[in-house]
Amino acid sequence: MFDWDLLRSTSSVHVLMRLAQERGMSAEVCLEGTKLAPEAVSDPDAAVTARQEVRVVRNLLARCGAEPGLGVEAGHRYHLSLYGPWGLALLSSRTVREVIEVSLRYVDSAFVFGRLTFEEGPAESRLIFDDSAIPEDVRAFLTERVITGIQSIGRERFSAGVPATRISFRHPAPADTTRYRTVFGVEPQFDAAVNELVFDSSYLDVVLPQADEWARGTCEQLCRDLLTARRARTGVAGSVRDLLVRDPGEIPDQIAVATALFMSPRTLSRRLRDEGTSFRNLLDEVRQMMSEELLSHTDMTTEQVAARLGYAEAASFIRAFRRWQGCPPQEFRARGTLVATR
């Protein structure tokens, strides 16, 4: 049974509102019956319930439900930059397998209503979506949104993407499947036994392009936004911090940062000292912030978080985290979970 009072990011409702407004619906009509104000939907720190999001979907379908592939269009608009720490975790994943593992841990509070599972086979692997708990009137839309959203986010993270060999939906085929073929690259099967996205298993352990410019830029912006919320940095310190957050898992050392700023390591140390800080302090600041976000908002293991932050081994990360928080990472996560459940 799905928890309809589960709190979720406002990102999906924001996407739905834009979709509705492009079709002539006002924000007030789109949000009718939700008790949500338009400005609240734009607040990245706000949350909505699953029940409120479904009401927005119903409002959209009441006006535009005859449009073939509307759920596909909604899912096609999902981007990693909408999802803060979860997006950060995906952007810094090293293989397709890691991306899937991280995705499945957090996806319920992103844009999924049913149950998403993964099955690995020797030749083909499948992401299967169980939509049986979704109300029938919004089932096809939400199912299409999930399957398309997975494909869209995957393409952003994997550059050219992992091509689907088969897409299947349980609901009947629409009159026009052009939008489906354009997005998926294949003709979906409708009236199928399950909703699934099938791809070649050989892609699972492909090492992802860490140098991908879009991924690096988006990851840098996510980290910068999180850091800005904690502490503003200007001058040379701000430039150093920006370089440190570009690519979690590939955090540069002081020599590399100095070279990027066209100065010697000694000059960099002096300039930072004049601003009341040091390279080590800035590195600690970045790692501490990112570790807290990943431990609080994803189910990544301590080892995975350590790897994202560029530590050679988890033990070094645990020692550093004890110095920052006075407790090991798992205790920090447990405290946060306890507070959230009260």
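Taking the stretch 246-300 as the range and being open to solvent by 40 Å² or more (accessible area, probe 1.4 Å), touching a residue at least 40 places away in the same chain (Cβ under 8 Å) and touching a Pro at 6+ places or on another chain (Cβ under 7 Å) as the test, only H297 passes.
Among the residues of the stretch 16-57, the one identified as within 20 Å of the chain's Cα centre (by Cα), modelled with pLDDT of 85 or more, more than 18 Å from D137 (Cβ to Cβ) and crowded, with 20+ Cβ neighbours inside 10 Å is M17.
So that you can scan it fast, the table gives a plain yes or no per residue for (1) modelled with pLDDT under 90; (2) open to solvent by less than 60 Å² (accessible area, probe 1.4 Å):
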| site | (1), (2) |
| --- | --- |
| L204 | no, yes |
| L208 | yes, yes |
| A211 | yes, no |
| G217 | yes, yes |
| Q221 | yes, no |
| L226 | yes, yes |
| R231 | yes, no |
| T234 | yes, no |
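Comparison of F199, F169 shows that the only residue that is buried (at least 17 other Cβ atoms within 10 Å of the Cβ), under 23 Å from S132 (Cβ atoms) and of a type in the set (F, W, Y) is F169.
The values are calculated or read from the model by the stated rules, or taken from the named source; none is laboratory data. All values derive from a computational prediction rather than experimental measurement. Glycine also receives a Cβ, built like all others from the backbone with ideal geometry; neighbour counts cover every protein chain displayed. Side chains are part of the model used for accessible areas, which takes the heavy atoms of the whole protein and leaves out ligands, DNA and RNA. Shrake-Rupley method; radii C 1.70, N 1.55, O 1.52, S 1.80 Å.
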